[in-house]
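Undergrad: Below you will find the structure I want to go over with you.
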Amino acid sequence: MNQSNQYQSTSHADNAAIFCRDENRVDWHSKALWNLREKRDKAAASVPEWEQLRQLGSEIKLHTLSHLGDYLCQFEQKCIENGIQVHWAKDASEHNEIALKILSVHAVKKLVKSKSMLTEECHLNPFLEKHGIEVIDTDLGERIIQLNNQPPSHIVVPAIHMKKEEVGELFHQKLNTPKGESDPTRLTRAARKHLHDQFLSADAAMTGVNIAIADLGAVVVCTNEGNADMGVNLPKLQIHSMGIDKIVPDAQSAMVLLRILARNAIGQPITTYSSFYRGGKVDGEMHIIIVDNGRTDIMQDKILAESLKCIRCGGCLNTCPVYRRSGGFSYNYTIPGPIGIAVGAQHDESNTIPWACTLCGSCSYVCPTKVPLDKIIAHHRRLKAEQGKLPFGKKYYMPAVGKLMSSPTLLNCAMGSARLALKVLPHSLITPFSGAWGQYRELPVSPKSSFDTWYKQHKASNKEAK
Amino acid sequence: MKIALFIPCLVNQMMPDVAIATLSLLEKLGHQVIFPQGQTCCGQPMTNSGCFNEARNTTLKLLNAFKGVECDAIVCPAASCLVAAKENFHEFDKSQAAQDVIDKLYELTEFLHDIAPIASFKYKFEHTISLQMSCHGLRMLNLATPSESMGPQFNKVEAILQNIPGINIVYPAPRDECCGFGGTFAVDEGAVSAKMGKDKAHTHAATHAQYVVGFDPSCLLHLDGMIRRQLLPIQTRHIAQIIDAAL
Ligand code: SF4
């Protein structure tokens with residue numbers, strides 16, 4: 001059941017091939033995500049100005065990114081005025097150290113966390129657990145995979161890879177629900193009761209940040225289950241972690257993003273709870289950790305920089321035909337799918353994830369802030385090539401292909417013999433030699449001649465006729 | 001108009017019928033058609049893999065075949081090759097002569113819809129066809145509104161074909177998901193590519209159409225191999241072949 005562990009190889013293609021062995025599961029996974037895409041289409045179509053909203057969303061993010069220093073400074077100052085303590089972290093380990101220090105000062109034993117891809121990116125949970133702090137993920141999907149000892153397989157629906165029967169079995173083992181229970185409502189009730197106990201016994205709460213508003217000194221956190229609010233409002237200590245890319249100038253900009261975020265994620269008009277936090281409770285403390293972790297490096301490359309417009313709606317994963325058929329764990333990165341390739345390719349030691357894409361472009365058109373994902377992915381391939389890190393033997397065969405393709409004579413010769421081979425050899429004989437193509441498809445029916453040759457003969461006979 | 005044919009290597013070598021149909025239909029429409037010699041590959045297999053150095057020579061050779069050729073338009077019956085040619089010409093040659101070639105490049109559907117529309121068709125085509133809305137033509141050449149986009153909708157492929165008497169046009173569900181070919185993706189990511197192709201072939205067959213019709217030969221070649229492997233009762237045709245038969 002623990003699919004993330006069955007992948008020993010690091011190549012996306014190998015991992016995907018393993019996932020593809022169970023075709024029923026692939027169909028089920030693909031359909032579950034396509035349902036979200038269809039819901040998204042309906043929700044987007046119901047807003048007449050949808051395409052203008054996307055344009056606005058893109059411009060707001062681009063504007064803020066190009067004035068990032070100014071807005072972050074304004075944000076920090078407003079936060080301090082609001083009584084919030086602001087911390088800066090240059091990378092994941094600094095982020096984790098800062099979090100640990102705050103928690104240690106308050107002698108925190110148990111932390112309730114609401115979903116945050118940033119803390120996943122920083123691997124915060126294992127770090128805190130190593131230091132004796134119990135971390136409870138409180139988003140239902142997150143809690144399921146936490147109990148199952150897995151990372152998220154999707155950025156918005158982290159347990160989408162698990163069937164309800166599998167969740168039932170897991171809950172039976174960990175939460176003592178009756179054996180064989182698979183009714184989602186009853187399972188959710190059991191999870192809610194379990195989480196209630198956690199909320200009441202926690203010493204501190206931590207959340208991610210969907211949007212940070214510079215001129216208010218406030219952060220916005222979106223959840224459908226209200227778990228961020230349950231967490232934040234119970235204990236005295238609250239911590240919010242955000243990437244530097246989360247900032248927008250003002251509340252109006254935030255409203256634009258809130259209108260597109262949930263619609264594009266799961267087809268909901270707005271997330272059920274969109275909470276603005278701009279100060280701690282009476283006698284409480286509010287901390288914000290602002291994290292770079294490679295984002296300013298990404299900004300040095302004009303094409304890659306646009307990936308920072310992402311608002312993590314997950315829409316590009318739901319539409320991606322490759323992600324849906326290869327599963328979230330095949331990408332070897334915290335964030336899978338198109339946006340995962342865009343922001344994770346630098347960290348991919350197998351150098352294969354930029355090729356886990358047909359460049360169909362659907363993601364770029366789905367994206368509510370117009371992140372040009374297909375262009376970014378193609379650019380990553382070029383960067384890998386320039387670094388001499390091409391997968392699939394491309395480094396060795398591409399020069400030969402280049403030579404072949406640039407010479408009409410060579411090309412004619414090669415293709416001529418390929419056509420001949422297709423014609424005279426029985427398919428059973430050449431299929432094994434045609435690699436992945438012949439393994440899954442019939443080879444092309446061979447034409448008599450090339451168009452070139454036909455054209456010359458045709459023209460000659462035309463002249464004769466005249 | 002005077003038209004130069006741009007026949008990509010895949011069409012030239014593996015699907016000459018598509019090129020012949022393109023030539024034939026353009027002549028029936030009264031255009032003067034020439035076929036400049038020395039055409040090679042557009043460089044797409046290389047640039048799509050990130051290998052720009054390896055693509056330079058072939059791209060420039062192809063560009064040279066068109067430089068200085070006197071014509072009003074350069075027409076190509078393969079959307080993704082056309083997109084790649086446009087981008088690669090621009091990448092490797094910033095001269096005015098290159099720009100002159102780029103400005104004349106049209107994909108066949110684009111040409112027949114935007115530049116020299118067909119007035120009428122002579123023959124009936126009484127079949128149901130399932131349209132294959134291939135990605136590059138759809139999302140990079142704007143041949144139709146992709147299903148992701150909201151607002152005003154248009155579809156140039158359908159606009160051309162629907163004027164053929166007797167034709168019945170349907171779509172697979174999902175309407176415009178990628179078929180999984182993706183050039184070297186078909187071999188690099190064999191398992192996923194095959195699954196995508198299989199799903200696509202089945203959704204086309206489920207429409208009960210006689211033909212899958214598209215504007216991108218490479219996708220059709222991939223689908224054809226899938227359809228025959230899956231023994232599905234449907235055949236692939238290029239849009240040029242349908243139009244040529246009805247003119
Ligand atoms: S890249 Fe766009 S579509 Fe993908 S998660 Fe980010 S905002 Fe959503």
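Undergrad: Residues that are open to solvent by 40 Å² or more (accessible area, probe 1.4 Å), in contact with a Lys or Arg (Cβ under 7 Å, 6 or more places away or on another chain) and closer than 30 Å to A:Lys389 by Cβ: list the strands (runs of 3 or more DSSP E) wholly contained in segment B:1-83 that include at least 3 such residues.
TA: The strands (runs of 3 or more DSSP E) meeting that bar number zero.
Undergrad: Anything in segment A:318-364 that is among the aromatic types (Phe, Trp, Tyr) and more than 16 Å from the ligand (Cβ to nearest atom)? List them, or say none.
TA: Across segment A:318-364, the qualifying residues are A:Phe329, A:Trp355.
Undergrad: Any chance you could count how many residues in segment A:331-356 are on the phi > 0 side of the Ramachandran plot and open to solvent by 10 Å² or more (accessible area, probe 1.4 Å)?
TA: 2
Undergrad: Sticking with this one: Considering every residue within segment B:185-200, establish whether at least one is in contact (Cβ under 8 Å) with a residue 12 or more places away in the chain, touching a Ser or Thr at 6+ places or on another chain (Cβ under 7 Å) and farther than 19 Å from A:Val26 by Cα.
TA: no
Undergrad: Do we have any residue at all in segment A:393-412 that's open to solvent by 40 Å² or more (accessible area, probe 1.4 Å), away from the ligand (no atom under 15 Å from the Cβ), modelled with pLDDT under 90 and of a type in the set (Gly, Ala, Ser)?
TA: Looking for residues that are open to solvent by 40 Å² or more (accessible area, probe 1.4 Å), away from the ligand (no atom under 15 Å from the Cβ), modelled with pLDDT under 90 and of a type in the set (Gly, Ala, Ser), one finds at least one in segment A:393-412, hence yes.
Undergrad: Return the residues of segment A:75-100 that are open to solvent by less than 60 Å² (accessible area, probe 1.4 Å) and assigned to a helix (DSSP H, G or I); say none if nothing qualifies.
TA: A:Phe75, A:Glu76, A:Cys79, A:Ala92, A:His95, A:Asn96, A:Ile98, A:Ala99, A:Leu100
Here is a yes/no grid of residues against (1) touching a residue at least 60 places away in the same chain (Cβ under 8 Å); (2) within 16 Å of the ligand (Cβ to nearest atom); (3) within 29 Å of A:Arg324 (Cα to Cα):
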residue: A:Leu140; (1), (2), (3): yes, no, yes
residue: A:Ala159; (1), (2), (3): no, no, yes
residue: A:Lys164; (1), (2), (3): no, no, yes
residue: A:Gly168; (1), (2), (3): no, no, yes
residue: A:Leu175; (1), (2), (3): no, no, no
residue: A:Pro178; (1), (2), (3): no, no, no
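Undergrad: Does A:Ser241 satisfy the condition of being touching a His at 6+ places or on another chain (Cβ under 7 Å), assigned to a helix (DSSP H, G or I), more than 16 Å from the ligand (Cβ to nearest atom) and open to solvent by less than 10 Å² (accessible area, probe 1.4 Å)?
TA: no
Undergrad: For segment B:219-247, which residues satisfy the criterion of being more than 11 Å from chain A (Cβ to nearest Cβ) and either of a type in the set (D, E, K, R) or in contact (Cβ under 8 Å) with a residue 60 or more places away in the chain (or both)?
TA: B:Ile234, B:Arg237, B:His238, B:Ile239, B:Ala240, B:Gln241, B:Ile242, B:Ile243, B:Asp244, B:Ala245, B:Ala246, B:Leu247 - these are the residues of segment B:219-247 that are more than 11 Å from chain A (Cβ to nearest Cβ) and either of a type in the set (D, E, K, R) or in contact (Cβ under 8 Å) with a residue 60 or more places away in the chain (or both).
Undergrad: Taking the conditions exactly as written (under 14 Å from the mean Cα position of the chain (by Cα), buried (at least 22 other Cβ atoms within 10 Å of the Cβ) and farther than 30 Å from A:Trp34 by Cβ), does B:Leu112 satisfy them or not?
TA: So B:Leu112 fits the description; yes.
The values are calculated or read from the model by the stated rules, or taken from the named source; none is laboratory data. Keep in mind the model is a prediction, meaning the values are calculated, not measured. Reconstructed Cβ throughout: ideal geometry from the backbone, glycine too, with neighbour counts over all protein chains shown. With ligands, DNA and RNA removed, areas are computed over all heavy atoms of the protein, side chains included. Shrake-Rupley method; radii C 1.70, N 1.55, O 1.52, S 1.80 Å.
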